[in-house]
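Shown next, in C-alpha coordinates, is the structure this report addresses.
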Amino acid sequence: MRVELFQPESVTEPRHWVRHDQAFAMMLGRGSIEWGSKRSALEKFDYAAGDLALCDRHVGEWVGLMATPHLQLGISDAPLMSASDGAYGEVELHPRRKFADPRLGALVAVAHAEVVAGFSSGRLFLDSIEQAIAVALVSGHAVRHRPVQMYKGGLGSARLRRIKELVHAKIEDDLGLDEMAQSVGLSTAHFARMFRKSTGETPHQFVLRQRIERARAMLRAPNARILDVAVACGFKTQQHFAQVFRDVCRVSPTEYRQDFLDSEVVGALGDPSEDTSLPLVAV
(Lines give C-alpha, C1' and ligand atoms only; values in the text may rest on other atoms or scores of the structure.)
Protein backbone atom coordinates (compact mmCIF):
# COMPACT_ATOMS: atom_id res chain seq x y z
CA MET A 1 0.00 0.00 0.00
CA ARG A 2 1.30 3.41 -0.96
CA VAL A 3 0.86 5.96 1.84
CA GLU A 4 1.77 9.62 1.35
CA LEU A 5 1.27 12.59 3.64
CA PHE A 6 0.63 15.95 1.95
CA GLN A 7 0.91 19.17 3.91
CA PRO A 8 0.69 22.04 1.41
CA GLU A 9 1.28 25.46 2.94
CA SER A 10 -0.41 27.52 0.23
CA VAL A 11 -2.49 27.34 -2.93
CA THR A 12 -0.72 25.34 -5.63
CA GLU A 13 -1.16 25.50 -9.39
CA PRO A 14 -3.43 22.76 -10.81
CA ARG A 15 -1.51 19.71 -11.97
CA HIS A 16 -2.53 16.94 -14.33
CA TRP A 17 -2.46 13.54 -12.61
CA VAL A 18 -3.08 10.04 -13.89
CA ARG A 19 -3.34 7.35 -11.20
CA HIS A 20 -2.96 3.70 -12.09
CA ASP A 21 -3.50 2.33 -8.60
CA GLN A 22 -6.74 2.89 -6.72
CA ALA A 23 -6.11 6.09 -4.79
CA PHE A 24 -8.19 7.84 -2.21
CA ALA A 25 -7.52 10.49 0.40
CA MET A 26 -8.60 11.52 3.88
CA MET A 27 -8.46 15.19 4.81
CA LEU A 28 -6.56 16.00 7.99
CA GLY A 29 -7.84 19.53 8.34
CA ARG A 30 -10.03 22.17 6.76
CA GLY A 31 -9.31 23.37 3.25
CA SER A 32 -10.30 23.14 -0.39
CA ILE A 33 -9.37 21.13 -3.47
CA GLU A 34 -10.28 21.85 -7.07
CA TRP A 35 -11.01 18.87 -9.35
CA GLY A 36 -11.86 18.59 -13.02
CA SER A 37 -11.21 16.87 -16.32
CA LYS A 38 -10.14 20.22 -17.82
CA ARG A 39 -7.93 22.89 -16.33
CA SER A 40 -10.39 25.54 -17.51
CA ALA A 41 -13.35 23.87 -15.75
CA LEU A 42 -12.39 22.99 -12.19
CA GLU A 43 -14.96 22.49 -9.42
CA LYS A 44 -14.06 23.54 -5.90
CA PHE A 45 -14.83 21.30 -2.92
CA ASP A 46 -14.54 22.46 0.70
CA TYR A 47 -13.40 19.82 3.16
CA ALA A 48 -13.27 19.27 6.89
CA ALA A 49 -11.02 16.87 8.79
CA GLY A 50 -12.15 13.30 8.20
CA ASP A 51 -13.74 13.88 4.79
CA LEU A 52 -12.78 11.34 2.12
CA ALA A 53 -12.21 11.52 -1.64
CA LEU A 54 -12.09 8.50 -3.96
CA CYS A 55 -10.16 9.24 -7.14
CA ASP A 56 -10.53 8.11 -10.75
CA ARG A 57 -7.95 5.64 -12.01
CA HIS A 58 -6.42 5.53 -15.51
CA VAL A 59 -8.24 8.81 -16.20
CA GLY A 60 -6.29 12.06 -16.33
CA GLU A 61 -7.67 14.88 -14.23
CA TRP A 62 -6.59 18.29 -13.03
CA VAL A 63 -6.17 18.77 -9.30
CA GLY A 64 -5.43 22.00 -7.49
CA LEU A 65 -4.59 21.89 -3.76
CA MET A 66 -5.62 24.85 -1.66
CA ALA A 67 -3.78 24.40 1.65
CA THR A 68 -5.51 21.13 2.48
CA PRO A 69 -3.42 18.68 4.52
CA HIS A 70 -4.40 15.12 3.66
CA LEU A 71 -3.27 11.53 3.63
CA GLN A 72 -3.33 9.82 0.25
CA LEU A 73 -3.36 6.04 -0.03
CA GLY A 74 -2.89 3.86 -3.09
CA ILE A 75 -4.38 0.36 -2.94
CA SER A 76 -2.95 -2.22 -5.34
CA ASP A 77 -5.11 -4.52 -7.43
CA ALA A 78 -4.28 -7.73 -5.53
CA PRO A 79 -6.12 -6.93 -2.27
CA LEU A 80 -9.05 -5.39 -4.16
CA MET A 81 -9.42 -8.52 -6.30
CA SER A 82 -9.11 -10.74 -3.25
CA ALA A 83 -11.79 -8.73 -1.46
CA SER A 84 -14.14 -9.28 -4.41
CA ASP A 85 -13.08 -12.96 -4.75
CA GLY A 86 -11.30 -12.11 -8.00
CA ALA A 87 -14.63 -11.93 -9.79
CA TYR A 88 -14.05 -8.88 -11.96
CA GLY A 89 -10.36 -8.72 -12.82
CA GLU A 90 -9.59 -5.09 -12.09
CA VAL A 91 -12.08 -3.84 -9.51
CA GLU A 92 -13.93 -0.70 -10.55
CA LEU A 93 -14.94 1.75 -7.81
CA HIS A 94 -17.22 4.78 -7.91
CA PRO A 95 -15.07 7.96 -7.95
CA ARG A 96 -16.42 10.41 -5.40
CA ARG A 97 -15.02 13.88 -4.75
CA LYS A 98 -16.29 14.15 -1.20
CA PHE A 99 -17.99 11.63 1.06
CA ALA A 100 -18.06 10.21 4.59
CA ASP A 101 -17.53 6.58 5.54
CA PRO A 102 -16.94 5.92 9.27
CA ARG A 103 -15.44 2.47 8.66
CA LEU A 104 -13.00 3.68 6.02
CA GLY A 105 -12.22 6.79 8.02
CA ALA A 106 -11.27 4.75 11.08
CA LEU A 107 -8.96 2.52 9.01
CA VAL A 108 -7.27 5.48 7.32
CA ALA A 109 -6.81 7.10 10.73
CA VAL A 110 -4.90 4.00 11.84
CA ALA A 111 -2.74 4.23 8.71
CA HIS A 112 -2.09 7.90 9.47
CA ALA A 113 -1.02 7.07 13.02
CA GLU A 114 1.38 4.50 11.58
CA VAL A 115 2.89 7.13 9.24
CA VAL A 116 3.35 9.53 12.16
CA ALA A 117 5.05 6.73 14.14
CA GLY A 118 7.48 6.09 11.27
CA PHE A 119 5.86 2.77 10.28
CA SER A 120 7.07 1.30 13.56
CA SER A 121 4.59 -1.61 13.56
CA GLY A 122 6.10 -3.15 10.44
CA ARG A 123 4.95 -4.31 7.03
CA LEU A 124 2.55 -6.98 8.28
CA PHE A 125 0.51 -4.41 10.18
CA LEU A 126 0.27 -2.15 7.13
CA ASP A 127 -0.64 -5.16 4.96
CA SER A 128 -3.46 -5.98 7.36
CA ILE A 129 -4.76 -2.40 7.18
CA GLU A 130 -4.62 -2.53 3.36
CA GLN A 131 -6.67 -5.74 3.35
CA ALA A 132 -9.30 -4.22 5.64
CA ILE A 133 -9.44 -1.03 3.52
CA ALA A 134 -9.82 -3.12 0.33
CA VAL A 135 -12.78 -5.01 1.83
CA ALA A 136 -14.41 -1.73 2.90
CA LEU A 137 -13.90 -0.20 -0.55
CA VAL A 138 -15.24 -3.21 -2.44
CA SER A 139 -18.23 -3.78 -0.15
CA GLY A 140 -19.24 -0.12 -0.06
CA HIS A 141 -17.99 1.56 -3.23
CA ALA A 142 -17.59 -1.00 -6.04
CA VAL A 143 -19.45 -0.43 -9.30
CA ARG A 144 -20.20 -4.14 -9.46
CA HIS A 145 -19.62 -6.41 -6.54
CA ARG A 146 -20.95 -9.41 -4.71
CA PRO A 147 -20.74 -9.88 -0.93
CA VAL A 148 -17.34 -10.86 0.38
CA GLN A 149 -17.34 -14.63 0.69
CA MET A 150 -17.37 -16.07 4.18
CA TYR A 151 -15.63 -19.37 4.84
CA LYS A 152 -16.59 -22.05 7.28
CA GLY A 153 -14.01 -23.74 9.44
CA GLY A 154 -10.44 -22.51 9.27
CA LEU A 155 -6.90 -23.50 8.47
CA GLY A 156 -5.96 -27.13 8.99
CA SER A 157 -3.40 -28.16 11.61
CA ALA A 158 -0.66 -28.66 8.99
CA ARG A 159 -1.09 -25.14 7.64
CA LEU A 160 -1.20 -23.64 11.12
CA ARG A 161 1.99 -25.48 12.02
CA ARG A 162 3.66 -24.18 8.86
CA ILE A 163 2.66 -20.61 9.74
CA LYS A 164 4.00 -20.93 13.28
CA GLU A 165 7.28 -22.31 11.98
CA LEU A 166 7.56 -19.41 9.51
CA VAL A 167 6.86 -16.83 12.20
CA HIS A 168 9.43 -18.33 14.57
CA ALA A 169 12.04 -18.54 11.80
CA LYS A 170 11.51 -14.93 10.71
CA ILE A 171 10.53 -13.27 13.95
CA GLU A 172 13.38 -10.77 13.58
CA ASP A 173 12.30 -9.82 10.04
CA ASP A 174 9.59 -7.52 8.72
CA LEU A 175 7.25 -10.38 7.83
CA GLY A 176 4.46 -9.54 5.39
CA LEU A 177 0.94 -10.89 5.04
CA ASP A 178 1.63 -11.96 1.45
CA GLU A 179 4.58 -14.12 2.52
CA MET A 180 2.51 -15.83 5.20
CA ALA A 181 -0.32 -16.48 2.73
CA GLN A 182 2.05 -17.82 0.06
CA SER A 183 3.61 -20.26 2.52
CA VAL A 184 0.26 -22.09 2.74
CA GLY A 185 -0.83 -21.53 -0.86
CA LEU A 186 -3.67 -19.06 -0.25
CA SER A 187 -4.55 -15.54 -1.36
CA THR A 188 -3.86 -12.88 1.24
CA ALA A 189 -7.54 -12.05 1.86
CA HIS A 190 -8.58 -15.72 2.11
CA PHE A 191 -5.64 -16.48 4.38
CA ALA A 192 -6.40 -13.55 6.70
CA ARG A 193 -10.03 -14.62 7.12
CA MET A 194 -9.21 -18.30 7.59
CA PHE A 195 -6.41 -17.55 10.05
CA ARG A 196 -8.67 -15.45 12.24
CA LYS A 197 -11.34 -18.14 12.04
CA SER A 198 -8.78 -20.70 13.27
CA THR A 199 -7.03 -18.70 15.98
CA GLY A 200 -9.33 -15.84 16.98
CA GLU A 201 -6.49 -13.44 16.14
CA THR A 202 -5.42 -11.49 13.08
CA PRO A 203 -2.03 -12.51 11.65
CA HIS A 204 -0.58 -9.27 12.99
CA GLN A 205 -1.88 -9.93 16.51
CA PHE A 206 -0.49 -13.47 16.39
CA VAL A 207 2.98 -12.35 15.28
CA LEU A 208 3.00 -9.60 17.89
CA ARG A 209 2.12 -12.09 20.63
CA GLN A 210 4.91 -14.44 19.48
CA ARG A 211 7.39 -11.57 19.58
CA ILE A 212 6.35 -10.60 23.10
CA GLU A 213 6.64 -14.23 24.26
CA ARG A 214 10.19 -14.38 22.93
CA ALA A 215 10.98 -11.04 24.56
CA ARG A 216 9.74 -12.27 27.93
CA ALA A 217 12.00 -15.30 27.68
CA MET A 218 15.01 -13.16 26.73
CA LEU A 219 14.36 -10.63 29.50
CA ARG A 220 14.81 -13.36 32.10
CA ALA A 221 18.53 -13.15 31.43
CA PRO A 222 19.84 -10.44 33.78
CA ASN A 223 22.47 -9.12 31.35
CA ALA A 224 20.31 -8.85 28.22
CA ARG A 225 20.10 -5.28 26.96
CA ILE A 226 16.60 -3.97 26.22
CA LEU A 227 17.70 -2.74 22.77
CA ASP A 228 19.13 -6.15 21.87
CA VAL A 229 15.91 -7.86 22.95
CA ALA A 230 13.83 -5.41 20.88
CA VAL A 231 15.88 -6.03 17.71
CA ALA A 232 15.94 -9.81 18.21
CA CYS A 233 12.16 -9.82 18.49
CA GLY A 234 11.54 -7.83 15.31
CA PHE A 235 10.88 -4.35 16.69
CA LYS A 236 12.38 -1.43 14.81
CA THR A 237 12.93 0.79 17.84
CA GLN A 238 13.36 0.29 21.55
CA GLN A 239 10.59 2.82 22.16
CA HIS A 240 8.06 0.89 20.09
CA PHE A 241 9.05 -2.36 21.77
CA ALA A 242 8.62 -0.83 25.23
CA GLN A 243 5.21 0.57 24.30
CA VAL A 244 3.90 -2.74 22.90
CA PHE A 245 5.37 -4.72 25.80
CA ARG A 246 3.66 -2.46 28.34
CA ASP A 247 0.35 -2.67 26.45
CA VAL A 248 0.48 -6.47 26.54
CA CYS A 249 2.15 -7.19 29.88
CA ARG A 250 1.03 -4.09 31.86
CA VAL A 251 4.63 -3.44 32.93
CA SER A 252 7.71 -2.12 31.16
CA PRO A 253 10.42 -4.54 29.97
CA THR A 254 12.72 -3.35 32.75
CA GLU A 255 10.03 -3.83 35.40
CA TYR A 256 9.19 -7.28 34.05
CA ARG A 257 12.81 -8.41 34.28
CA GLN A 258 13.21 -7.00 37.76
CA ASP A 259 10.01 -8.70 38.94
CA PHE A 260 11.24 -12.00 37.51
CA LEU A 261 14.65 -11.70 39.16
CA ASP A 262 13.05 -10.77 42.47
CA SER A 263 10.80 -13.81 42.28
CA GLU A 264 13.85 -16.00 41.59
CA VAL A 265 15.52 -14.65 44.74
CA VAL A 266 12.38 -15.23 46.78
CA GLY A 267 12.16 -18.77 45.41
CA ALA A 268 15.74 -19.48 46.38
CA LEU A 269 15.23 -18.14 49.92
CA GLY A 270 11.81 -19.68 50.41
CA ASP A 271 8.40 -18.05 50.50
CA PRO A 272 8.41 -15.51 53.36
CA SER A 273 4.67 -15.96 53.73
CA GLU A 274 5.27 -19.51 54.88
CA ASP A 275 6.52 -18.92 58.44
CA THR A 276 7.89 -22.21 59.81
CA SER A 277 8.82 -20.80 63.20
CA LEU A 278 6.82 -21.69 66.31
CA PRO A 279 3.90 -19.39 67.11
CA LEU A 280 4.35 -16.77 69.80
CA VAL A 281 2.74 -17.64 73.14
CA ALA A 282 1.37 -14.88 75.32
CA VAL A 283 2.69 -14.91 78.90
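The values are calculated or read from the model by the stated rules, or taken from the named source; none is laboratory data. Only a predicted model underlies this, so the values are computations on that prediction, with no experimental measurement involved. Here Cβ is always computed from backbone atoms with ideal geometry, including for glycine, and neighbour counts include all displayed protein chains. For accessibility, only protein heavy atoms count, side chains too; no ligands or nucleic acids. Shrake-Rupley method; radii C 1.70, N 1.55, O 1.52, S 1.80 Å.
Side notes on the structure shown:
- Criterion violated by V148 - all others in (1) in a helix (DSSP H, G or I); (2) surrounded by fewer than 17 Cβ atoms within 10 Å (Cβ to Cβ); (3) at pLDDT below 85 satisfied: (1)
The rows are residues; the columns are (1) modelled with pLDDT of 75 or more; (2) at positive phi; (3) open to solvent by less than 10 Å² (accessible area, probe 1.4 Å).
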residue: V3; (1), (2), (3): yes, no, no
residue: P14; (1), (2), (3): yes, no, no
residue: G31; (1), (2), (3): yes, yes, no
residue: H58; (1), (2), (3): no, yes, no
residue: V63; (1), (2), (3): yes, no, yes
residue: L73; (1), (2), (3): yes, no, yes
residue: L80; (1), (2), (3): yes, no, yes
residue: S84; (1), (2), (3): no, no, yes
residue: E90; (1), (2), (3): no, no, no
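- Considering region 92-120, the residues that are small (G, A, S) and open to solvent by less than 30 Å² (accessible area, probe 1.4 Å) include one that is farthest from D21 (Cα to Cα), namely S120.
- Pairs where the first residue, in region 170-183, is open to solvent by 10 Å² or more (accessible area, probe 1.4 Å) and the second is not β-branched (V, I, T), C-beta under 7 Å, 6+ apart: E172/A232; E172/G234; D173/G234; D174/G122; D174/R123; D178/D127; S183/R162; S183/L166
- Residue in region 168-183 that is nearest to S82 (Cα to Cα), counting only those that are aliphatic (A, V, I, L, M) and in contact with a Leu (Cβ under 7 Å, 6 or more places away or on another chain): L177
- Taken over region 202-227, residues that are open to solvent by 20 Å² or more (accessible area, probe 1.4 Å) and either in a helix (DSSP H, G or I) or touching a helix residue (DSSP H, G or I) at 6+ places or on another chain (Cβ under 7 Å) (or both) amount to 17.
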